[in-house]
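The block underneath contains the structure these notes are about, expressed in structure tokens.
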Amino acid sequence: MKNHVTIKDVAQEAGVSVATVSYVINNRMDKRISDATRKKVLQIVNLLGYIPNQSAQALATSRSRMIALYVTADAPVLKNAEQFYFINFLSSYLHEKNYGLIYLSEAYAEKYDHADAIVGYDISSEYFRRIGDNNFVPLLAFDCLIHDNWLFFQINSDCDAMKRAAEKQFENAPYTFLTLDTPNREKKEWLQSVFPSAAFVSDISELSAFTGKNLLLADHTLYTLMKQQMKSGDSICYLPFIHTKKADALFQYMEYALERKPIANDKHNIFV
């Protein structure tokens, strides 16, 4: 893909006329353009890094060095603990990169103008799209699957590699992939397809049913609790969803988005 993006490129990607793109980026309210078309054009303008004028170029190169993070509000206790673990992990990681982290609730999903990029962590596709429809800074999905992902990057764990590692450790003996329930339906269906024995839990009271079994764990909170309940002969394979290599991928692709580097559409779905 060429580095210099023109208004024709934006129009072609959006499937609209050049005039429509011009009306949208110049905020022409005298022209009848649907909200869906307006949002799509603005998202593609952001994705491709189209700079319509010198003022916009100056704005695009100015950074706040802040990243906004959205998680699901009012999560169960176990999920809430995992969210705080991720927030602490990501905050420390970004601090080393000279970035700050802002935690936002659903009350700010309509529009937030003070961050360079937005990360949605393990949220529903509906929530993610609502954030994306109203915010036109780079948007990334972490530990959630969103269909039609070419407008943004999504970073997920390589579950096929996790499955191979678990089968090797358990020597092909039966095991249960025990994980926290997720609001992201697509992610849940994907995990169930990779791990037919997957079990999803939300409450501490559910954990006793899984003692005495071979367990594959990926959530830090569950690993901390289950290793305390281990009995002689129990076996746990811990392959965390949250780790530095995955954060490296998140940061790398965030930088690509901020620098408006063109990436092939099939490279927007990253498994680490």
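All of the numbers you see were taken from the coordinates with simple rules; none came from a lab. Computed from a prediction, not measured in an experiment: that's the story for all the values here. Methodologically, a virtual Cβ is constructed for each residue, glycine included, from the backbone with ideal geometry; neighbour enumeration extends over all protein chains shown.
Descriptive notes on the structure:
- Projecting label points 7 angstrom from Cα along Cα→Cβ for residue 170 and residue 213 puts them 0.9 nm apart.
- Label point 7 Å beyond Cα of residue 229 along Cβ direction - residues of region 182-214 with amide nitrogen under 16 Å: 199-214
- Rounded to 0.05, the FRET efficiency of the residue 136 and residue 181 pair, given R0 = 41 Å and the Cβ-Cβ distance, is 0.85.
- J(HN,Hα) series, region 93-105, from Karplus relation 6.51 cos²θ - 1.76 cosθ + 1.60, nearest Hz, glycine and proline x: 4, 5, 4, 5, 9, 6, 10, x, 10, 10, 8, 10, 9
- Ignoring lysines fewer than eight residues from residue 245 along the same chain, the ones with Cα atoms less than 16 angstrom from its Cα are 97.
- For region 110-119, Karplus couplings with θ = phi - 60° (6.51, -1.76, 1.60), whole Hz, Gly/Pro x: 5, 6, 9, 10, 10, 10, 6, 8, 10, 10
- For region 211-225, 3J(HN,Hα) per residue [Karplus equation, 6.51 cos²θ - 1.76 cosθ + 1.60, θ = phi - 60°, Hz, x = Gly/Pro]: 6, x, 10, 6, 10, 9, 10, 10, 8, 4, 4, 5, 4, 4, 6
- The chain: angle of helix 125-134 to the longest principal axis, Cα-based, in degrees nearest 10: 20 degrees
- Neighbour count of at most 10 Cβ within 10 Å plus DSSP loop: longest trypsin sites (Lys or Arg not before Pro)-free window in the chain: 112-230
- Cα gyration tensor shape of region 159-238, rounded if a/c is under 1.5, else prolate or oblate by comparing a/b with b/c: oblate
- Selected from 124, 91, 64 as most flexible by GNM, with the chain as the system and alpha-carbon contacts under 10 Å: 64
- Unit charges on C-beta of K, R, D, E only; dipole of the chain, Debye: 700 debye
- Sites excluded, GluC sites (Glu not before Pro) in DSSP loops with at most 13 other C-beta within 10 Å, longest stretch of the chain: 1-109
- Note on residue 197 and residue 272: their simple-model spin labels are 2.9 nm apart, each label 7 Å out from Cα toward Cβ.
- Listed residue pairs exceeding 24 Å between alpha carbons, taken from 246/267; 39/246; 163/187; 163/246: 39/246
- GNM top mover of 47, 225, 250 - the chain, alpha-carbon springs below 10 Å: 225
- Label point at residue 33 placed 7 Å out along Cα→Cβ; residues across region 128-143 whose backbone nitrogen lies under 17 Å: 133-137
- Averaging the sequence gap over all C-alpha pairs within less than 8 Å and six or more residues apart, then dividing by the number of residues, gives the chain a relative contact order of 19 percent.
- GNM result for the chain, Cα springs below 10 Å: residue of 254, 230, 162 fluctuating most strongly: 230
- Take every Cα pair under 8 Å whose residues are at least 6 apart in sequence, average their separation, divide by the length of region 159-238, and the relative contact order is 33 percent.
- Amide N of region 81-97 lying under 13 Å from the label point, which is placed 7 angstrom from the Cα of residue 258 along Cα→Cβ: 94-97
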